[in-house]
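The values are calculated or read from the model by the stated rules, or taken from the named source; none is laboratory data. Quick caveat: nothing in here was measured; it's all calculated off a predicted structure. In this analysis, Cβ positions are derived from the backbone assuming ideal geometry, glycine residues included, and neighbour counts consider all displayed protein chains. Heavy atoms of the whole protein, side chains included, go into the accessibility calculation; ligands, DNA and RNA do not. Shrake-Rupley method; radii C 1.70, N 1.55, O 1.52, S 1.80 Å.
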Amino acid sequence: MTLLDEVRATAEALAQSARYVRVRTDAIEAYAASLPLHELENPELDAATHYLGPPEATLAYVLTLDAINFGSGYFPKLTKRPGLSGYFTVASSLKDLYEANGPLSAAHLTRLTQEDCRVIFGQKNNDDAGVKELMSLFNRALNDLGAYVQEQFGGSFQVLVTAADGSAQELVSILKEMPFYQDIGFYKRAQLTAADLSVAHVAQFHDLDRLTMFADNLVPHVLRVDGILSYDARLLERIEREELIPAGTREEREIRAGALHAVELIAAALDHKVTSMQLDYLLWNRGQLPAYKAHPRHRTRTVFY
């Protein structure tokens, strides 16, 4: 059994034994048939908020961005750019830095400080304790990435990706050696990195179809609003009053596992004509619509999403 087979098996087991989150299997077939699959034809990174320069620089940008692609539990207090979410604020801030100064080398990443992160991501004057904590975590994540690339791949981001030998699953195995990627049971950000490198057209993987959905807090929210996931009433009350759901608790893991398993069932209902990665792309973008933003989604302070 491969690593990603284990992820699927873990999610299915959690979903089937769930106490707080139920997958409405009776609704899967109709929901799958209703999805606008034409929106999946040409997924692209948004050039307005992502750096898209020379291939090697873009590859470095994607690896660097995905090293800090977490913190949604802190985002309500984050100083955001006008009209942008927390994620797009982070992505566009890093884009501006790359366009102004060029790519950050692995050596440069190891020297970054928490204060550097506060400046880069526009939080210099944000004194919220949670945001300061997030900038500290960003700092550690970037330091870790820089050190790992220096020590194991001669300072080259390209060599790291090449070491995966065209396998998304192998890239996940490489990335999970870093502490903030050790998201056991899900490996959300490691999987997302492979997908993002592919969508940015700076790496090719022969097994993208083996990726699962990228278990976070937005796709589960979309599936709940759309009636595919059903939450325990007390859990839903906690989410709606914006109470933090602690990382690693049964409730939090069931939310992520339920969404992952539901996406697998949706893909099966579509005879696997689309991949879990593509469905994640569709559902995540659906979550940007006002109808979904109007309802609170679960918030967890974690380095995994």
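Of note:
- The set of residues in segment 210-219 that are under 16 Å from the mean Cα position of the chain (by Cα) and outside any loop (DSSP other than H, G, I, E, B) contains only VAL219.
- The set of residues in segment 254-285 that are more than 15 Å from the chain's Cα centre (by Cα), assigned to a helix (DSSP H, G or I) and of a type outside the set (A, V, I, L, M) comprises GLU254, GLY258, HIS261, GLU264.
- Filtering segment 165-209 to residues that are open to solvent by less than 30 Å² (accessible area, probe 1.4 Å), in a loop (DSSP other than H, G, I, E, B) and not aromatic (Phe, Trp, Tyr) leaves GLY166, SER167, MET178, ASP183, GLY185, ALA200, VAL202, ALA203, ASP207.
- Flag if GLU242 is acidic (Asp, Glu) and either open to solvent by less than 10 Å² (accessible area, probe 1.4 Å) or assigned to a loop (DSSP other than H, G, I, E, B) (or both): yes
- Checking segment 65-85 against the condition returns a match, with at least one residue being among the acidic types (Asp, Glu), open to solvent by less than 20 Å² (accessible area, probe 1.4 Å) and at pLDDT 95 or above.
- Only one of VAL263, VAL219, VAL225 that is hydrophobic (A, V, I, L, M, F, W, C), in contact (Cβ under 8 Å) with a residue 12 or more places away in the chain and open to solvent by 20 Å² or more (accessible area, probe 1.4 Å): VAL225
- In segment 286-298, the residues that are assigned to a helix (DSSP H, G or I) and in contact with a helix residue (DSSP H, G or I) (Cβ under 6 Å, 6 or more places away or on another chain): ARG286, TYR292
- Here is the figure for segment 220-239: residues that are more than 22 Å from ARG8 (Cβ to Cβ), within 21 Å of the chain's Cα centre (by Cα) and not in a helix (DSSP H, G or I) total 0.
- Scanning segment 284-298 for residues that are closer than 18 Å to ARG241 by Cβ and of a type in the set (Gly, Ala, Ser) yields a total of 1.
- Test: residue in segment 112-126 that is open to solvent by less than 50 Å² (accessible area, probe 1.4 Å), within 27 Å of ALA163 (Cβ to Cβ) and part of a helix (DSSP H, G or I): no
- The lone exception for ALA129 - which of (1) open to solvent by 60 Å² or more (accessible area, probe 1.4 Å); (2) of a type in the set (Gly, Ala, Ser); (3) touching a His at 6+ places or on another chain (Cβ under 6 Å) it fails: (3)
- Hey, ARG301 open to solvent by 60 Å² or more (accessible area, probe 1.4 Å) and either part of a loop (DSSP other than H, G, I, E, B) or touching a Ser or Thr at 6+ places or on another chain (Cβ under 7 Å) (or both) or not: yes
- Exactly one residue among ALA57, ALA47, ALA15, ALA11 is loosely packed, with under 15 Cβ neighbours inside 10 Å and either in a loop (DSSP other than H, G, I, E, B) or in contact (Cβ under 8 Å) with a residue 40 or more places away in the chain (or both), and that residue is ALA47.
- Filter result for PHE157 (modelled with pLDDT of 95 or more and either more than 20 Å from PRO55 (Cα to Cα) or open to solvent by 30 Å² or more (accessible area, probe 1.4 Å) (or both)): no
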